[in-house]
Amino acid sequence: MEGSTYTVQLENFAGPLDLLLQLIERNKLDICDISLAKVTNDYLTSIQNIELDPATANWFLDIASRLILLKSRALLPNHNQDNQEPLEDLTEQLQELSAIRQAIKQITDSAKPSLQFAKKSSTNTKVSHFTNLDLVNFTQFYPTKQHQLKPTTKSFKLKRQNPIYLRKKLHSMWQANQQLEIQQLHTYCDSHYETVVCFLLALEMVKDNKAKIVNDTKGIMVELV
Amino acid sequence: MNLITQQLHSLLMINTGGLEKLKLAELLNVSTDELEKNLTELSEYLNKSGVVLLQTETIVQLAAQTDILPKDLQKELRSEQLSAALLEVLTIVAYHQPITQLEIETMRGIGSEQTIKGLVERNLIQPKAKKIDGISIPHYSTTQAFLAHLGITSLRELPPLPKNKAPNAAQ
């Protein structure tokens with residue numbers, strides 16, 4: 001209904017097309033140019049009543065400008081109607097989105113229980129000695145005081161600093177050395193932080209079956225699979 | 001069940017992550033048409049078991065049915081409820097794949113980068129680079145995990161997309 005004012009909460013619609021579809025539905029209209037012209041005022045009122053962040057504002061304003069163009073053509077029927085493209089696009093967009101919404105409803109209404117894939121089992125039989133290995137006991141593998149590096153920060157917090165770089169560093173250590181000895185990991189790293197993160201990355205790779213733990217005569221080794 | 005179908009079954013049991021159809025045809029030394037026939041035979045054989053055959057355009061994988069399990073186990077294994085935005089992008093990809101981020105955003109009328117990222121992280125869609133005018137652009141398609149999430153064995157089981165239907169009749 002043109003001229004009606006109401007507050008529309010942002011969380012009630014996912015975007016400008018969603019808002020348009022709701023306005024069309026509320027007014028019991030069909031998706032066509034005339035209907036879009038009719039809901040232009042409602043749309044403009046709605047977007048004035050909500051706070052839009054810059055990232056989403058341009059999407060709403062784009063639709064607003066197309067609606068205003070539609071409405072102006074409805075008001076000026078003798079105006080040159082040659083350039084219909086933006087309007088046909090909008091109608092088509094709404095029809096496609098409406099079809100997707102109906103498909104979602106059909107899928108959720110006929111929802112079947114999900115299927116499950118087989119879980120990957122660990123093939124690292126040599127790990128059996130270390131099933132009780134936990135981070136608390138990691139200190140027994142940590143070097144003695146004379147080899148300890150000074151901490152880079154006072155409070156030891158694992159920050160997400162460039163994990164991709166550390167992962168690449170770990171890989172290049174492996175390529176150079178074939179196997180990495182856990183007790184000597186600190187010799188390859190520049191700080192406490194790097195040593196612990198590399199250790200955790202190595203454990204993650206063991207968990208994903210990309211590396212395995214081997215009990216060698218030299219000590220506990222981690223090697224790439 | 002013929003020998004090729006039995007071999008298919010064995011290979012899929014060993015390779016729990018699924019196998020490409022071309023690879024399967026190569027391993028079993030059969031043509032792709034013959035492979036399809038054996039996949040159909042295997043699928044029919046598995047129909048009455050607790051296991052089904054999932055097929056995308058290129059990959060085949062075995063998956064277990066959960067609706068036959070005790071209710072409390074079913075509850076544990078239930079897949080994540082997706083938000084409306086995730087479901088919308090996922091449905092757009094399912095029906096229009098392969099599709100680019102720009103095309104998805106045009107259809108939705110809103111930015112979708114984070115939503116697409118969320119679906120990729122959940123392994124429900126995957127990007128594949130495709131060259132358009134010499135520029136490599138990721139195109140998104142659904143995965144086997146998507147089929148498993150919906151409890152279907154192939155995209156053919158998706159309901160047909162309604163065409164040009166208005167949400168309400170005109171006044």
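The values are calculated or read from the model by the stated rules, or taken from the named source; none is laboratory data. Just so we're clear, the structure is a prediction, and the values are computed from it rather than from any experiment. Cβ atoms come from the backbone with ideal geometry, glycine included; neighbour counts cover every protein chain shown. Ligands, DNA and RNA are stripped out before the accessible areas are found, and what is left, the full protein with its side chains, is counted by its heavy atoms. Shrake-Rupley method; radii C 1.70, N 1.55, O 1.52, S 1.80 Å.
At-a-glance table
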quantity	calculated
Subset of the range A:20-35 that is within 31 Å of the chain's Cα centre (by Cα) and in contact (Cβ under 8 Å) with a residue 24 or more places away in the chain - its residue that is surrounded by the fewest Cβ atoms within 10 Å (Cβ to Cβ)	A:21
Qualifying positions in the range B:75-105 - polar (S, T, N, Q), surrounded by 15 or more Cβ atoms within 10 Å (Cβ to Cβ) and within 11 Å of chain A (Cβ to nearest Cβ)	B:79, B:91
Unmet requirement for residue B:51, which otherwise passes all of (1) among the hydrophobic types (A, V, I, L, M, F, W, C); (2) more than 20 Å from the chain's Cα centre (by Cα); (3) open to solvent by 30 Å² or more (accessible area, probe 1.4 Å)	(2)
The range B:16-28: number of residues that are in contact (Cβ under 8 Å) with a residue 12 or more places away in the chain and within 25 Å of residue A:116 (Cα to Cα)	8
Breaking point among (1) over 24 Å from residue A:117 (Cα atoms); (2) at pLDDT 95 or above, for residue B:136	(2)
Number of positions in the range B:1-27 that are in a helix (DSSP H, G or I), open to solvent by 20 Å² or more (accessible area, probe 1.4 Å) and aliphatic (A, V, I, L, M)	7
Residue pairs meeting the criteria (Cβ under 9 Å; at least 6 apart or on separate chains; first in the same structural domain as residue A:93 (by TED's automatic domain parsing), in the range A:58-72; second of a type in the set (Val, Ile, Thr) and open to solvent by 60 Å² or more (accessible area, probe 1.4 Å))	A:70/A:34
Pairs where the first residue, in the range A:93-111, is facing chain B (nearest Cβ under 7 Å) and the second is of a type in the set (S, T, N, Q) and in a helix (DSSP H, G or I), C-beta under 6 Å, 6+ apart	A:100/B:91; A:103/B:91; A:104/B:91
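Yes/no per residue for (1) over 25 Å from residue A:55 (Cα atoms); (2) within 8 Å of chain A (Cβ to nearest Cβ); (3) among the basic types (Lys, Arg); (4) open to solvent by 20 Å² or more (accessible area, probe 1.4 Å):
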position: B:108; (1), (2), (3), (4): no, yes, yes, no
position: B:116; (1), (2), (3), (4): no, no, no, no
position: B:127; (1), (2), (3), (4): no, no, no, yes
position: B:130; (1), (2), (3), (4): yes, no, yes, yes
position: B:133; (1), (2), (3), (4): yes, no, no, yes
